[in-house]
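Shown next, in structure tokens, is the structure this report addresses.
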Amino acid sequence: MSGARDNPYLAHLPPNQRGAGGPSGSGGNDPAAREPLYGFMPRRVKADQVRKALDHDLNAFTKQPHSAQYKKILEMRRKLPVYGQMDEFYEMFSKNQIIVMVGETGSGKTTQIPQFVAYSDLPHTRGKLVACTQPRRVAAMSVAKRVADEMDVQLGRQVGYSIRFEDMTEPGTTFLKYMTDGMLLREAMNDPNLDRYSTIILDEAHERTLATDILMGLLKALAKKRSDLKIIIMSATLDALKFQKYFGLTEEGAAPLFKVPGRTHPVEVFYTQEPEPDYVEAAIRTVLMIHRAEDPGDVLLFLTGEEEIEDACRKIKLEADDLVNQDPDSVGPLVCIPLYSSLPPQQQQRIFDAPPAARPGGPPGRKVVVSTNIAETSLTIDGIVYVVDPGFSKQKVYNPRIRVESLLVSPISKASAQQRAGRAGRTRPGKCFRLYTEKDFMSELEEQTHPEILKSNLANTVLELVKLGIKDLVRFDYVDAPAPETLMRALELLNYLAALDDEGNLTPLGAIMAEFPLDPQLAKMLIVSPEFKCSNEILTITAMLSVPNVWIRPNNQRREADAAKALLTVPDGDHLTLLNVYNNYVQNKHDKNWTWTHYLSARALAQADNVRAQLQRSMERFDVDLVSMTDERKLYVNIRQALVCGFFMQIAHKEGEKGNYLTVKDNQVVALHPSCGLDTQPEWVIFNEFVLTTRPYIRMVSDIRPEWLFEFAASYFDLASFPDGETKRALQRIMNKRAGKAGGRVDAGSSDVRDAKKRKKNK
DNA sequence: GAGCACTGC
């Protein structure tokens, strides 16, 4: 590849001057005065050239004069640690295809490195883009905005972002794109070579999200195929060596490491002398100790969940008030603010309030934020000087045997503890109080939090990988390989859903399922629903099942909330209730108080609306008809039949009269969740969720007819494969009764929808 | 008669 030929800025130069760098000085005819990128050769750019371009009167990418704001921001950028390493960066970037980069908080890597890359790749001259992925939507949006300001361009033009529901880019103009990792993975499904990109940067790789892990595997393979593609993996320090080894393209070689110092303040860490038997009690005690004895500065306490947090906030407030009552001069006023994701945004904003003002002549006030892990990565609170870390968080665990994900309060990792401590040093030197011993920290805590790929049901991921053309899932080059049983369970499910054939190849149905941003069961149900003349309703139910719980139940208004819920409940099943709630929501959209008076989450319902619209677009794209029927009784039957086509593996059978159910095949004893709206206890039910809390519950439950199981999921309900037991005997009785009657229907579970459509059209 | 760590498509 010839740099000179690719670079339009060199075209007007005689060949002997090409690549020599533009002549300096300014004269009327000096091309460098009109062209900031004069003499730049893709991927051979030096830091000196870039510094000159940044100081140029004209914007390198728009050719417009710079704004006054640009100069101000540039001064701030010059102070970032990463800015001082520009020479080193360009040297390493020019010589290597893959770089691993570590930079602590405040190094500026997320905003600066993609810009550095843009000056080297010159993607705008080659119809390419530089991508930088983020695990979270808000990060992608806010970083893109910041970088657009730094580059003095309008957000959505040269610099943009792409997240679900919002594509803030302009094809042909945008050359620097921030995006969620999941979004890039989606793009890879339709463009496996990711040809649009000249460089791909995976930021926050140490968080090890499912999407980032899969992308790392894909990019490693892609690097061998596309020598022009450069890759940068950005991570926290502790994981760097693992990534360097993983991305070493030769047997012994490791990818080079680029290190950027952070710019944070020191944090002094304290441990307890003895293990604490009750971490919540110890945490409250520590917060009050800080309030009495430490200098002014806000406190961040990490707890595990909503209930624990609300409880702790009440207790801290009570005890702090006690202190004031005993001796008004001893301590200042204290506010305690809870923080967790299901809190409405308005209440989340309270964490940014200033601490309470001191009483006249009294000690200064203090703000205490009591938070889940959301404050560890997703939200940053300035002004925190003290962190209290009991060392626990709720973590997802997956049991592939019974296909159940549950949440368990577990000890955090060293990496997580370090991240928490770091939250104390953002504005000035801070202190971190760990409510465990130093010995336990050293010997008991794991180095890293387990990556998501080891803790999740992989049905979705496996379908994506197969769609990406990965044939051998077991031998795919994972950074950390999931348990073979997890992969087997996923393959089995996809085979029963007819997304994969018996050889593990993608079926035409599976190819469509992969295009829907849904769990495979939901995708299957939605795609077959036109056959049941209820795709309009199934679309709504699918959207409602894909968003957080829409019901709000405040502790002090439980009865009112339950009464409001009863008004919208359909006794035939929770799925029909969801449909009813959505339809009522749409009918009452003009009434701003409607969601509030019905104890419904406006946020979740708006999200359902959004998801529904997106899914509807996908349906149109793949010719899945949007149909409905007028006979309501028949409609309710058909909806539940469509449910069976997706969730036939989640059936339970009533055992005895005590309200116990037994799940089919797995034979787990479960109960209907108390939130379930059924007015009777039907013999056969279909459920969406299995939750393990005080006892095993099934949630989102609807009444079904057992005959449907044989009718719509014959291959799964082949009784020869069933373990002996009451469930099998009950199914056997129904089977025998059916055999008495003549005829049978096609198993929709294994038929191909597109063929079915064609058959219909040919009639 | 009870929950919902956090993301993402």
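The values are calculated or read from the model by the stated rules, or taken from the named source; none is laboratory data. What you see is a predicted model, and the numbers here were worked out from it, not measured in a lab. Here the Cβ is made from the backbone with ideal geometry for all residues, glycine too, and neighbour counts use every protein chain on show.
If a residue has to be among the aromatic types (Phe, Trp, Tyr) and under 21 Å from residue A:66 (Cβ atoms) to count, how many in the range A:143-184 make the cut?
Within the range A:143-184, the subset among the aromatic types (Phe, Trp, Tyr) is A:161, A:165, A:175, A:178.
Checking the rest, the ones that are also under 21 Å from residue A:66 (Cβ atoms) come to A:175.
Total meeting the criteria: 1.
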**Q.** Selected residue (criterion: surrounded by the most Cβ atoms within 10 Å (Cβ to Cβ)) from residues of the range A:289-303 that are of a type outside the set (A, V, I, L, M, F, W, C) and more than 12 Å from residue A:367 (Cβ to Cβ)
**A.** A:294
Q.
Could you check the range A:673-690 and list, in sequence order, the residues that are of a type in the set (Ser, Thr, Tyr) and within 8 Å of DNA strand B (Cβ to nearest atom)?
A. A:675
Q) Tell me, which helices (runs of 4 or more DSSP H) lie completely within the range A:55-167 with 2 or more residues that are in the same structural domain as residue A:184 (by the TED database), within 16 Å of DNA strand B (Cβ to nearest atom) and modelled with pLDDT under 95? A) A:137-150
Q | Subset of the range A:666-698 [in contact with a helix residue (DSSP H, G or I) (Cβ under 8 Å, 6 or more places away or on another chain), within 24 Å of residue A:494 (Cβ to Cβ) and surrounded by fewer than 22 Cβ atoms within 10 Å (Cβ to Cβ)] | A | A:667, A:688
Q: Please list, ordered by first then second residue, the pairs with beta carbon atoms under 8 Å, 6 or more apart or interchain, first in the range A:553-577 and in contact (Cβ under 8 Å) with a residue 60 or more places away in the chain and β-branched (Val, Ile, Thr), second outside any helix (DSSP H, G or I) and away from DNA strand B (no atom under 12 Å from the Cβ).
A: A:577/A:570
Q. If we keep just the residues of the range A:305-336 that are touching a helix residue (DSSP H, G or I) at 6+ places or on another chain (Cβ under 9 Å) and part of a loop (DSSP other than H, G, I, E, B), which is surrounded by the fewest Cβ atoms within 10 Å (Cβ to Cβ)?
A. A:330
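Out of the residues in the range A:623-673 meeting the condition of being aromatic (Phe, Trp, Tyr) and under 32 Å from the mean Cα position of the chain (by Cα), tell me which one is nearest to residue A:708 (Cα to Cα). Steps first, answer last, please.
Of the range A:623-673, the ones aromatic (Phe, Trp, Tyr) are A:636, A:647-648, A:661.
When the remaining residues are screened for being under 32 Å from the mean Cα position of the chain (by Cα), the result is A:647-648.
On the way: A:647: 12, A:648: 9 Å.
It comes out as A:648.
Among the residues of the range A:391-399, is any without any contact (Cβ under 8 Å) to a residue 24 or more places away in the chain and within 16 Å of DNA strand B (Cβ to nearest atom)? First the steps, then the outcome.
First pass over the range A:391-399, keeping only residues without any contact (Cβ under 8 Å) to a residue 24 or more places away in the chain: A:399.
From what's left, within 16 Å of DNA strand B (Cβ to nearest atom): A:399.
Checked against the condition, which is being without any contact (Cβ under 8 Å) to a residue 24 or more places away in the chain and within 16 Å of DNA strand B (Cβ to nearest atom), the range A:391-399 yields at least one hit.
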Q | Meets criteria (away from DNA strand B (no atom under 16 Å from the Cβ), surrounded by fewer than 20 Cβ atoms within 10 Å (Cβ to Cβ) and on the phi < 0 side of the Ramachandran plot) for residue A:657 | A | no
**Q.** Filtered residues of the range A:304-336 (kept if within 34 Å of the chain's Cα centre (by Cα) and either at pLDDT below 90 or within 14 Å of DNA strand B (Cβ to nearest atom) (or both))
**A.** A:304, A:305, A:306, A:307, A:308, A:309, A:310, A:311, A:312, A:313
Q: For the range A:124-140, state whether one or more residues are surrounded by 24 or more Cβ atoms within 10 Å (Cβ to Cβ), within 28 Å of residue A:425 (Cα to Cα) and in contact with a Lys or Arg (Cβ under 8 Å, 6 or more places away or on another chain).
A: yes
Q | Residues (under 16 Å from residue A:643 (Cβ atoms) and assigned to a loop (DSSP other than H, G, I, E, B)) located in the range A:667-690 | A | A:676, A:677, A:678, A:682
**Q.** Near pairs, Cβ below 6 angstrom, 6+ apart or cross-chain, from the range A:269-287 (touching a residue at least 12 places away in the same chain (Cβ under 8 Å)) to any residue that is surrounded by fewer than 15 Cβ atoms within 10 Å (Cβ to Cβ)
**A.** A:271/A:438
(Q) Checking residue A:736 against (1) away from DNA strand B (no atom under 16 Å from the Cβ); (2) of a type in the set (S, T, N, Q); (3) touching a residue at least 60 places away in the same chain (Cβ under 8 Å): exactly one of these is not met. Which one? (A) (3)
Q.
Going through A:203, A:228, A:191, A:213 one at a time, which residue ends up being over 28 Å from residue A:459 (Cβ atoms) and of a type in the set (Asp, Glu)?
A. A:228
Q: Could you tell me whether the range A:365-374 includes any residue that is more than 13 Å from DNA strand B (Cβ to nearest atom) and in a loop (DSSP other than H, G, I, E, B)?
A: yes
Q) Looking only at residues in the range A:706-730 that are in a loop (DSSP other than H, G, I, E, B) and touching a Lys or Arg at 6+ places or on another chain (Cβ under 8 Å), which one is surrounded by the most Cβ atoms within 10 Å (Cβ to Cβ)? A) A:722
(Q) Considering only residues that are within 10 Å of DNA strand B (Cβ to nearest atom) and touching a Lys or Arg at 6+ places or on another chain (Cβ under 7 Å), which ones fall in the range A:376-390? (A) A:376, A:378
Q | Looking only at the range A:691-705, and only at residues there that are within 10 Å of DNA strand B (Cβ to nearest atom) and in a loop (DSSP other than H, G, I, E, B), the one that is modelled with the highest pLDDT | A | A:695
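Quick check on this structure: which one of A:287, A:299 is part of a helix (DSSP H, G or I) and in the same structural domain as residue A:435 (by the TED database)?
Numbers: A:299 fails: part of a helix (DSSP H, G or I).
After ruling out the rest, the residue left standing is A:287.
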Q: Give me a count of the residues in the range A:344-364 that are crowded, with 19+ Cβ neighbours inside 10 Å and either modelled with pLDDT under 85 or within 12 Å of DNA strand B (Cβ to nearest atom) (or both).
A: 0
